[in-house]
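The next block holds one structure in the form of structure tokens; read it before the comments.
The values are calculated or read from the model by the stated rules, or taken from the named source; none is laboratory data. Just so you know, these numbers come straight off a predicted model, no measurement behind them. With ideal geometry, Cβ positions are generated from the backbone for all residues, glycine too; neighbour counts draw on all protein chains shown.
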Amino acid sequence: MAENSPESAEPTADSPADSPADYDVVLLVERALTDADARQVRSLHEGLDEPVTYHVLLPVDDAAARIEAAMGSVSGHDLVPGPALGVPPADLAEIAKETKDEANAALEATMNALKAAGATAKGQVVADHPIAALAAKVAEVDGREAIILTSPHVVAEFFHVDWTSQARRKIGVPVLHLLEHENFDEQAGGGEGASLI
């Protein structure tokens, strides 16, 4: 796998070329990082003696779930009597292709932003459950920490079913949750931003 370049849409392993002295950070992102996000992530590791390698995971949306969410309960019998609305397999395949293409483009943008911030990064789009992919990658690369960048998910965070809460229960390394597109000061001011456990 080439540094600073996205891989295929299927999960693959990083090459064993990493030096054992690397400080490996697994980064789970919901969408493409901005240049400011990448600089902020990179700033967390300035001054470390070991070289830092970021392993970026970007989940691809499940096409069927995306359609169900978009259709909501409109296809249910509560609002519209009659049979549930079906989606032809060809349409589902097209939506799946579009979501993979979008995820690959977001990963490429993220890799470019990290490279511009001076980071060494490897990335992949993952189709597995995001937390399962995160745990597997942490174990695979002997990750020292995990960083999860998401937009705010107030309800999920309240019930502790968000990615960060799940990761804290599943992996044995520190997990930092950052809100994308907000700097450290903005996150600290709202009381909902960064958290490290």
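May I ask you to verify whether A119 is at pLDDT 90 or above, closer than 22 Å to L33 by Cα and out of contact with any Phe, Trp or Tyr (no Cβ under 7 Å at 6 or more places or on another chain)?
On the way: at pLDDT 90 or above: yes; closer than 22 Å to L33 by Cα: yes; out of contact with any Phe, Trp or Tyr (no Cβ under 7 Å at 6 or more places or on another chain): no.
Judged against the criteria, A119 is not a match.
Whether any residue in region 126-149 is assigned to a loop (DSSP other than H, G, I, E, B), in contact with a Ser or Thr (Cβ under 9 Å, 6 or more places away or on another chain) and either crowded, with 19+ Cβ neighbours inside 10 Å or at pLDDT below 80 (or both) is what I want to check. First the steps, then the outcome.
So the first thing to find is which residues in region 126-149 are assigned to a loop (DSSP other than H, G, I, E, B), and the list is 127-129, 142-144.
Keeping just the survivors that are in contact with a Ser or Thr (Cβ under 9 Å, 6 or more places away or on another chain) gives none.
No, that holds for no residue.
Matching residues to (1) assigned to a helix (DSSP H, G or I); (2) at pLDDT 90 or above:
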position	(1), (2)
A38	yes, yes
L48	no, yes
H77	no, no
L114	yes, yes
